[in-house]
Amino acid sequence: MKLKVYSVDGKDSGRSVTLDKALVGAEPNDHAIWLDVRRIQANKRQGTHKAKERSEVAGSTRKLYRQKGTGNARAGDAKSPTRRSGGTIFGPRPRDYGFKVNRKTQRLARRSVVAYKAAQKAVRVVEDFGYENPDTNEIRTLLQAHKLGETKVLLLTAGNKPELHLSGRNLKKLTVRNAVDASTLDLIDAAVIFVQEGAVEDFQKALLP
């Protein structure tokens, strides 16, 4: 599949790049996408929730009243889970929600998302660009030139470019990632995947089996 390479000002540069058929022509696997997105979201959970059980609640362990002869149900101390301000029965405890998905499935999930985006013509290639210093106005102007000012965009860079990350972090609808580090969630959350020309080869290598 051939894609035009656009210049920074949004015009056709006259060049094109070819995306591997195995990347954009494969049958998308929805289950792999679901698994990998679930893995990413689960690994972000802190799992620090905690409720106090009866042994952890502050209070006396004195028996509230005698066992027999009162006409009431028998009772132990005030920390019983059946009483107000008592402990919690089977309350949440700190735990790790994370789980693993093998790398082949992760790559399949990302390829599947790219295949969907390519079919929707939501993958665009732009010539390489960079800034000496972070400049949010410059990157906003670039997006407006490509008529993407109000669109959720994932910009994939060729290598680590801190100045681009800093330039784009104040734009709510723009996410900047190194092309080889983009996750399934990054790809699926964007309306348009904007790839720098120099990042196309590395991006494909990271996703192909």
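The values are calculated or read from the model by the stated rules, or taken from the named source; none is laboratory data. Note that the structure is a prediction, hence the values are computed from the model and not measured. Here the Cβ is made from the backbone with ideal geometry for all residues, glycine too, and neighbour counts use every protein chain on show.
Worth a mention:
- Under the condition of being within 19 Å of residue 140 (Cβ to Cβ) and out of contact with any helix residue (DSSP H, G or I) (no Cβ under 8 Å at 6 or more places or on another chain), the residues counted in the stretch 153-189 number 8.
- First in the stretch 130-155 and within 21 Å of residue 190 (Cα to Cα) and not assigned by TED's automatic domain parsing to the domain that holds residue 118, second anywhere and at pLDDT below 90 and surrounded by 15 or more Cβ atoms within 10 Å (Cβ to Cβ), Cβ under 9 Å, 6 or more apart: none
- Whichever residue in the stretch 143-155 is more than 22 Å from residue 181 (Cβ to Cβ) and surrounded by 15 or more Cβ atoms within 10 Å (Cβ to Cβ) and, among such residues, is modelled with the lowest pLDDT: 149
- Selection count where residues are surrounded by fewer than 22 Cβ atoms within 10 Å (Cβ to Cβ) and among the β-branched types (Val, Ile, Thr), scope the stretch 194-209: 1
- The lone exception for residue 16 - which of (1) under 19 Å from residue 205 (Cα atoms); (2) polar (S, T, N, Q); (3) modelled with pLDDT of 95 or more it fails: (3)
- Filter result for residue 191 (aliphatic (A, V, I, L, M) and exposed (fewer than 15 other Cβ atoms within 10 Å of the Cβ)): yes
- Of all residues assigned to the stretch 133-142, at least one qualifies as being at pLDDT below 95 and among the hydroxyl-bearing types (Ser, Thr, Tyr).
- Residues of the stretch 156-188 that are in contact (Cβ under 8 Å) with a residue 60 or more places away in the chain and surrounded by fewer than 23 Cβ atoms within 10 Å (Cβ to Cβ): 183, 185, 188.
- Contact map, the stretch 1-17: first residue in the same structural domain as residue 149 (by TED's automatic domain parsing) and over 16 Å from residue 142 (Cβ atoms), second residue of a type in the set (Lys, Arg) and in a strand (DSSP E or B), Cβ cut-off under 6 Å, separation 6 or more or different chains; pairs are 16/2; 16/4.
- Some residue of the stretch 105-127 being β-branched (Val, Ile, Thr) and surrounded by fewer than 16 Cβ atoms within 10 Å (Cβ to Cβ): no
- Test: residue in the stretch 63-85 that is free of Cβ contacts under 8 Å to residues at least 24 places away in the same chain, in a loop (DSSP other than H, G, I, E, B), buried (at least 17 other Cβ atoms within 10 Å of the Cβ) and not assigned by TED's automatic domain parsing to the domain that holds residue 182: yes
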